[in-house]
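For reference, the structure is listed below as structure tokens.
The values are calculated or read from the model by the stated rules, or taken from the named source; none is laboratory data. Small disclaimer: the values here were computed from a predicted structure and weren't measured. With ideal geometry, Cβ positions are generated from the backbone for all residues, glycine too; neighbour counts draw on all protein chains shown.
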Ligand code: NCD
């Protein structure tokens, strides 16, 4: 039985095959409509979510399966003091697979050690978010056709942005990918990732505060929200929240085939005027997320 806790739990071949399955689902949805008949997905969301939870639920419904769960830890027994381990032990009795989001880093990993069914990490604190990464990868694949040789700019909160951490890990496996890490000095990529991933694998990256200077070389611009809920101090959040606001003017020097990604929710780091730019892909990313989650559910449930 496999769980998905960290994107690097999957080999590159497995990721490529999930992307291929997602592409096949897009082309032939009817082939998949009953694949999970009789199966149940539980969504255990101890932290707010719109997209990720609904995306998992929509994915399971489109596979013909059923969904149960909660979207607020206040309405679960966690509020009575139940441990994550006990919660998943119990839920394993009701469901065939569990998608879990939790504010504590490592909670889904702990859950996977106790669970009798596969656990999918749907975001753990400021750490990882592997299924968003699958959505991001499918989007890049559909837009650019490949990963090798891309220059990828990450902009915003690179410290607490878990989607950034997971996508960096996944893209680091492809050839000649360059990273331009654009953030205020307070919100740079955490040291553990620099040491364990970027430096260890000798990856080509630069850190800068200047989005406009970086713009002309980017093939992908991955914008992120400043993660208010992870700040210890509201004053720091207020000072940093508007560090970057992408506008049509700032895109004037961008490549015509650059693609703009954002895991959403957006606060105001991308002006709505950018939404009409053909390079804006963040709503396509949402749809891609559902298809690739369908592929993942099939894989972890070992459905043919
Ligand atoms: C992201 C997350 O939860 O980390 N959202 C999502 O799942 N699409 C990004 C964010 O909250 O900023």
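Structure summary
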{"quantity": "Qualifying residue in the range 164-177 (condition: within 12 Å of the ligand (Cβ to nearest atom), at pLDDT 95 or above and out of contact with any strand residue (DSSP E or B) (no Cβ under 9 Å at 6 or more places or on another chain))", "calculated": "no"}
{"quantity": "2 or more residues surrounded by fewer than 24 Cβ atoms within 10 Å (Cβ to Cβ): qualifying strands (runs of 3 or more DSSP E) within the range 19-113", "calculated": "40-45, 66-70"}
{"quantity": "Residue within the range 186-200 that is touching a helix residue (DSSP H, G or I) at 6+ places or on another chain (Cβ under 9 Å), touching a residue at least 12 places away in the same chain (Cβ under 8 Å), farther than 21 Å from residue 7 by Cβ and not in a helix (DSSP H, G or I) present", "calculated": "no"}
{"quantity": "Within the range 216-257, tally of residues that are surrounded by 16 or more Cβ atoms within 10 Å (Cβ to Cβ) and either in contact (Cβ under 8 Å) with a residue 60 or more places away in the chain or within 16 Å of the ligand (Cβ to nearest atom) (or both)", "calculated": "17"}
{"quantity": "Subset of the range 111-122 (residues that are in contact with a helix residue (DSSP H, G or I) (Cβ under 6 Å, 6 or more places away or on another chain) and within 16 Å of the ligand (Cβ to nearest atom))", "calculated": "121, 122"}
{"quantity": "Counted residues, the range 14-40 - those being at negative phi and over 19 Å from the mean Cα position of the chain (by Cα)", "calculated": "16"}
{"quantity": "Residue identified as assigned to a loop (DSSP other than H, G, I, E, B), assigned by TED's automatic domain parsing to the domain that holds residue 222, closer than 27 Å to residue 32 by Cβ and within 19 Å of the chain's Cα centre (by Cα) among 160, 147", "calculated": "147"}
